[in-house]
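Questions regarding the structure given below will be posed in turn.
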Amino acid sequence: MPYEHKEGTFPLGQWIAEQRRAYGAGQMNGRRAARLEMLGMAWSAAEAQFQENLAAARVYYQEHWTLCAPRSAAVLDKPVGQWLSNLRRPGALEGHPEWEAALLAVDEDWNPSWPAEWQRHYAVVREMLAEESTLAYVEPGVTVHGMDIGKWLARQRKPEVWAALADGQRERLEALGVTPLAAAPAAVEPEDSVEPSTAPVSAFEKGVRPPWGRFKGPRGLCEGPQGPRRGVAGWDGGQARGVPVQQQEPPGQADRRQARRARRPRAGMGCHGRSGGVSALEEERRVQDALRRHPRSRAFAEAEDVISAVLSDPGVREARERVEAAEAELGVELCARLQSFQDHYDQAVAAGDPGGLARLCGGKHGRWGRICVLPDGHETSMEEPHWGRNSEGRPIAWVGSAPDDW
């Protein structure tokens, strides 16, 4: 009998639950127990607890149209969200087919193979379309139970998101009349470029060659009538004729070269004219000292000292180990339901599919040695955290991404 059942104004369901608790605690005499057994009373504490939680689940379904409740959900003073999450674990209903049948009678999709958060959004869209009968009313900004349903629906219709959905997800959306948007047209390839002209170019179009050569190249040997000479090899044909280098310099070039030589410091003189210049080792030490005195460098060093001190604290290490253990436990718990996303990721990696990899979660987890294989844009919570494999290849679930400045 459901926990919330009443006979008139008498809470019969609650009274039966109290009798079960009294029997389990040894506070009921044999005569009363025998009379209740004659009426078909079941004394199992697990059965009584299941019926109480099932009653709370029915109330939640009436308000939210789904049993995919977040873990924090509570109804009738019962933690119905945590209770349903525990029942979704593999093997949780083994030996209790009647419990599973009772849950299916309330919601056929109480334990979907896709994320529960997706099912919550879908349930709201389904009820809205049942009332309004048109998609025009479900536009971005329409919020129900704190969820932007319009934004979620618009995202599902994107071709890349639609392709990443499971078959069951697409079937449910199509049953509501939801279809993907048309893919963007492919970019038009540019026409073949015109072949360059092979017509001869006049001397005027090539440019007039200055008397000292067009440009200078590397110094080398050039052959002339008087034998090989060292000069500046360039485009100009002067070198080929063996013209001396001095004859190819532009006017005033020699004077400018002498002025540059006069400004150079003499050997053994420093930058300020002091004898005995600074060695490379001393210069590097001077730069390092300046960096250490910089305020930002000091702040970074102090921050690293504080972080090292905090992480070395035994209490912090113990808390970190507990968090990692909880993440690993939750990762194994969600493995059966989210394994299909891992399979899609493995297929994209094996096939070298950049489009498939681009549709993955964009959170920054690589610093932690993790890759979230859920679709990009999924809203994280304790019910649907990031999920994937750690650096050791084991399932793991976690909440949060690395900061943008990492």
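FYI, it's all coordinate maths here, none of it is from the lab. Quick caveat, the model's predicted, so the values are computed rather than measured. Because the Cβ atoms are built from the backbone with ideal geometry, glycine has one as well, and the counts that use them run over all protein chains shown.
Rounded to the nearest 0.05, what FRET efficiency is calculated for Ala22 and Ala325 with R0 set to 56 Å and r the Cβ-Cβ distance? All intermediate terms of the calculation are to be shown ahead of the outcome.
Details: r = 38 Å, r/R0 = 0.68.
In this case the efficiency is close to 0.90.
Pairs of Cα atoms under 8 Å, at least six residues apart: use those to get the relative contact order of the stretch 116-175, whole percent.
Values: 38 pairs, mean separation 13.8, N = 60.
It rounds to 23 percent for the stretch 116-175.
Now for a different question. When Lys and Arg each count +1 and Asp and Glu each count -1, what net charge do the other residues less than 10 Å away from Pro11, Cβ to Cβ, add up to? Before the final figure, lay out each step's value.
Working: positive: Lys6; negative: Glu4, Glu7, Glu18.
Taking every other residue near Pro11 into account, the sum is -2.
Find out how many positive minus negative residues lie around Asn390, taking Lys and Arg as positive, Asp and Glu as negative, among other residues whose Cβ is under 10 Å from that of Asn390.
Numbers: positive: Arg370, Arg389, Arg394; negative: Glu324, Glu327, Glu392.
Cβ neighbours under 10 Å give a net charge of 0.
Let me make sure I get this right: for the stretch 12-106, a, b and c are the square roots of the gyration tensor eigenvalues over alpha carbons, sorted descending. Under 1.5 in a/c it's rounded, otherwise prolate if a/b > b/c, else oblate. Which is it? Before the final figure, lay out each step's value.
Working: a/c = 2.35, a/b = 1.90, b/c = 1.23.
Since a/c reaches 1.5 and a/b is larger than b/c, the shape of the stretch 12-106 is classed as prolate.
Hey, fewest Cβ within 10 Å first, where do Glu324, Glu131, Glu282 land in order? Walk me through the intermediate numbers first.
Numbers: Glu324 13, Glu131 7, Glu282 10.
Result, fewest neighbours first: Glu131, Glu282, Glu324.
R0 = 35 Å: FRET efficiency of Ala290 with Val316, Cβ-based, nearest 0.05? Could the numbers behind the result be given before it?
Working: r = 35 Å, r/R0 = 1.00.
With a Förster radius of 35 Å, E is 0.50.
If we count every other residue with Cβ under 15 angstrom of Met28's Cβ, Lys/Arg +1 and Asp/Glu -1, where does the sum land? Kindly include the intermediate steps, with their values, before the conclusion.
Numbers: positive: Arg20, Arg21, Arg31, Arg32, Arg35; negative: Glu18, Glu37.
Charge balance in the 15 Å sphere: +3.
Also: Could you put Leu181, Leu176 in order, starting from the residue whose Cβ has the fewest other Cβ atoms within 10 Å? Let's see the in-between values first.
Numbers: Leu181 12, Leu176 16.
Ordered by Cβ neighbours within 10 Å, fewest first: Leu181, Leu176.
Now for a different question. Between Glu131 and Gln339, what FRET efficiency comes out of the Förster formula 1/(1 + (r/R0)^6) with R0 = 45 Å and r the beta carbon distance, rounded to 0.05? Kindly include the intermediate steps, with their values, before the conclusion.
Values: r = 36 Å, r/R0 = 0.79.
Efficiency computed from Cβ-Cβ geometry: 0.80.
When Trp398, Trp15, Trp83 are ordered from fewest to most other Cβ atoms inside 10 Å of their Cβ, what list results? All intermediate terms of the calculation are to be shown ahead of the outcome.
Numbers: Trp398 23, Trp15 13, Trp83 20.
Ranking Trp398, Trp15, Trp83 by Cβ neighbours within 10 Å, fewest first, gives Trp15, Trp83, Trp398.
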